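The values are calculated or read from the model by the stated rules, or taken from the named source; none is laboratory data. Note that the structure is a prediction, hence the values are computed from the model and not measured. Cβ coordinates were reconstructed from backbone atoms using ideal geometry, including for glycine residues, and neighbour counts include every protein chain displayed. All accessible areas refer to the heavy atoms of the entire protein, side chains included, with ligands and DNA or RNA removed. Shrake-Rupley method; radii C 1.70, N 1.55, O 1.52, S 1.80 Å.
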Amino acid sequence: MAKKTITEQRIKACQIEINKLEKKKVKYQKNIDNKYASENTKEFYQNKIDKLDEKIKKNQDYIDDPSVVDDMIQKNIDKSIFTKAGNSLTKGGESLQKTGKKVTKVGAHATGIVWTPVLYGGYQVIKKKRKDKKEKNFQEDVRFYKETRGADSVLVGLVQECEEAYNDGKIDKEELKHFINDYIDNML
């Protein structure tokens with residue numbers, strides 16, 4: 001059985017709705033044709049029949065031109081409070097982004113003015129000390145692994161340990177990758 005398209009489903013729904021409205025129309029017509037019905041009652045049911053005729057015509061228009069339904073749905077989406085809120089948030093975000101770019105540009109100029117050679121020199125010294133400390137720790141780790149594990153390097157030792165843990169089922173493949181990648185990102 002082939003899957004029905006959305007358009008076919010909408011047409012089927014409209015046909016079902018038309019059938020329901022026609023049945024109501026027949027009931028209302030019987031009330032109008034009743035010889036004991038008052039003029040007010042007849043007028044009341046005639047107004048209901050007129051409204052039903054409008055609905056039937058509208059559904060028939062949907063069947064004849066399915067694009068009318070798409071237009072109606074799009075109008076409802078455009079009028080939706082969620083769409084309005086989303087558009088408002090988008091505009092606000094764009095405004096913040098423009099402001100952020102301006103502030104960044106101003107900040108770059110201010111940084112260039114304030115960033116004196118003395119400060120830059122101090123920054124370079126601290127940066128070099130951190131790098132030397134990291135390298136020293138790395139060298140100590142290499143020496144430790146050579147003495148205790150017999151591995152050629154810290155990385156080889158780490159890989160061997162991780163493989164052992166993986167083979168023993170202590171860690172899974174994702175954790176294995178995480179440990180190795182974390183070490184490479186932070187130490188090398």
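Structure data summary
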{"quantity": "Cα-Cα over 21 Å, subset of K79/K101; K102/K127; K102/K128; K55/K75", "calculated": "K79/K101; K102/K127; K102/K128"}
{"quantity": "Approximate spin-label separation E94-N181, in nm, with each point projected 7 Å along Cα-to-Cβ", "calculated": "3.6"}
{"quantity": "Accessible surface of K173 - all protein chains present, 1.4 Å probe, nearest 10 Å²", "calculated": "120"}
{"quantity": "Residues whose placed amide H lies under 5 Å from that of I171, excluding near-sequence neighbours", "calculated": "Y166"}
